[in-house]
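A.B. asks: The structure that follows is given in the form of structure tokens.
The values are calculated or read from the model by the stated rules, or taken from the named source; none is laboratory data. These numbers were taken from a predicted model, which means no experiment stands behind them. Ideal geometry is used to build each Cβ from the backbone, glycine not excepted, and the neighbour counts take in all protein chains shown.
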Amino acid sequence: MKNEFIFKTPKTLLNKGSGYLCGYTHSLNPYTGCSFGCSYCYVRQMPVSLFRKGEWGTWVDIKLEAAALLRKELQKAKAKGKVTIFMSSSTDPYQPIEHKEMVTRSLLEVMVEDPPDFLFVQTRSPLVRRDIDLLILLKDRVRVSMTVETDLEEIRKHFTPDAPPINARLKTLQLLRDAGVPTQATIAPVLPSSEAFPEKLRSLVSRVCVDDYYMGDGSGGKRTRKLAIKPLYERFGLEEWYEPSAYRIVFDRLKQVFPADQLFLSQEGFEP
């Protein structure tokens, strides 16, 4: 399916942190829309998606002159006090179009020049490795959170066919770790995985966050239910993994491998 790319000049980039992201002063989305188009993405049920003609995953708005705008907004925000930024809450900052447009990289360049107190980078894309040169300059003011919902590639293909392969994400976590960039693995939402999953993560990260549809979609699972994800689980005989208690399967396995202070559940794992 061909994606539609539209260039837009935004009036603002830094949005006030609220709701699930109330621990941050601001959220920052380099793009509107996301071509990964994951089947379970809660953004499908938000106004930004519902009020567009095209299906979620088929369109992306590219924000023009984003770096210049961020430079101004960041200066103003810092003059008022502490600035903590979550990038991104409703798009992936490293989706495929970023290869060409480099909006996210331009924003990182601004933040290297004038660092916020903390920057949280949420992605599922190996492309983040391209910007290691900038991320290391932010030192302990940054954390890269790599979404790894499962260690099973077949499961990934069923639920997120247009997202990057799992092994490429794990390799990227290794590269970030080796470069000294603070990282975490984020199992969100929890998809069916193997018993070996925690062991695969152990050598890559010292911080893991687990989240699911019920805790993490901002509506207690209501948005996700509207997406009719359950039939996907039923088709493959995986109904137990759709239950609200399913996260315990993974969390309990992780506890066998990671110390308690390295494991986080839902919102606490995304806090600055």
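A.B. asks: Out of all the residues in region 131-149, is one or more at pLDDT 95 or above and more than 26 Å from Leu14 (Cα to Cα)?
C.D. replies: Yes, there is a match, as at least one residue in region 131-149 is at pLDDT 95 or above and more than 26 Å from Leu14 (Cα to Cα).
A.B. asks: Suppose we keep only residues that are touching a helix residue (DSSP H, G or I) at 6+ places or on another chain (Cβ under 9 Å) and touching a residue at least 24 places away in the same chain (Cβ under 8 Å) within region 57-72. Which one would you say is farthest from Asp162 (Cα to Cα)?
C.D. replies: Filtering region 57-72 for residues that are touching a helix residue (DSSP H, G or I) at 6+ places or on another chain (Cβ under 9 Å) and touching a residue at least 24 places away in the same chain (Cβ under 8 Å), the one farthest from Asp162 (Cα to Cα) comes out as Arg71.
A.B. asks: Then there is this: From the list Ser35, Ser49, which one is in a loop (DSSP other than H, G, I, E, B) and either touching a strand residue (DSSP E or B) at 6+ places or on another chain (Cβ under 8 Å) or modelled with pLDDT under 85 (or both)?
C.D. replies: One residue alone meets the criteria, Ser35.
A.B. asks: Of the residues Leu134, Leu119, Leu69, which single one is in contact with a strand residue (DSSP E or B) (Cβ under 7 Å, 6 or more places away or on another chain) and either surrounded by 21 or more Cβ atoms within 10 Å (Cβ to Cβ) or assigned to a helix (DSSP H, G or I) (or both)?
C.D. replies: Step by step, each of Leu134, Leu119, Leu69 is checked, and only Leu119 is in contact with a strand residue (DSSP E or B) (Cβ under 7 Å, 6 or more places away or on another chain) and either surrounded by 21 or more Cβ atoms within 10 Å (Cβ to Cβ) or assigned to a helix (DSSP H, G or I) (or both).
A.B. asks: What residue, among those in region 154-172 that are closer than 10 Å to Ser39 by Cβ and assigned to a helix (DSSP H, G or I), is nearest to the chain's Cα centre (by Cα)?
C.D. replies: Among them, the one singled out is Phe159.
A.B. asks: Anything in region 144-196 that is crowded, with 22+ Cβ neighbours inside 10 Å and among the acidic types (Asp, Glu)? List them, or say none.
C.D. replies: Residues satisfying the conditions are Glu149, Asp151.
A.B. asks: Part of a loop (DSSP other than H, G, I, E, B), over 20 Å from the mean Cα position of the chain (by Cα), surrounded by fewer than 15 Cβ atoms within 10 Å (Cβ to Cβ) and at positive phi - does that describe any residue in region 225-238? Give the derivation first.
C.D. replies: Start the filter on region 225-238 by keeping residues that are part of a loop (DSSP other than H, G, I, E, B), which leaves 227-229, 236-238.
After this cut, where a residue has to be over 20 Å from the mean Cα position of the chain (by Cα) as well, the list is 228, 236-238.
Filter once more, keeping what is surrounded by fewer than 15 Cβ atoms within 10 Å (Cβ to Cβ): 228, 236-237.
Restricting the remaining residues to those that are at positive phi gives 228, 237.
Yes, some residue in region 225-238 is part of a loop (DSSP other than H, G, I, E, B), over 20 Å from the mean Cα position of the chain (by Cα), surrounded by fewer than 15 Cβ atoms within 10 Å (Cβ to Cβ) and at positive phi.
A.B. asks: Given Pro93, Pro30, which one is more than 27 Å from Ile155 (Cα to Cα), surrounded by 21 or more Cβ atoms within 10 Å (Cβ to Cβ), in contact with a helix residue (DSSP H, G or I) (Cβ under 6 Å, 6 or more places away or on another chain) and in contact (Cβ under 8 Å) with a residue 40 or more places away in the chain?
C.D. replies: Answer to the check: Pro30.
A.B. asks: On to the next question. Condition first: touching a helix residue (DSSP H, G or I) at 6+ places or on another chain (Cβ under 6 Å) and either at pLDDT 95 or above or not in a loop (DSSP other than H, G, I, E, B) (or both). Can you find one or more residues in region 73-81 that meet it?
C.D. replies: no
A.B. asks: Inside region 134-179, can you point out the residues that are free of Cβ contacts under 8 Å to residues at least 40 places away in the same chain and in contact with a Gly (Cβ under 9 Å, 6 or more places away or on another chain)?
C.D. replies: Listed by number, the residues that qualify are Lys139, Pro161.
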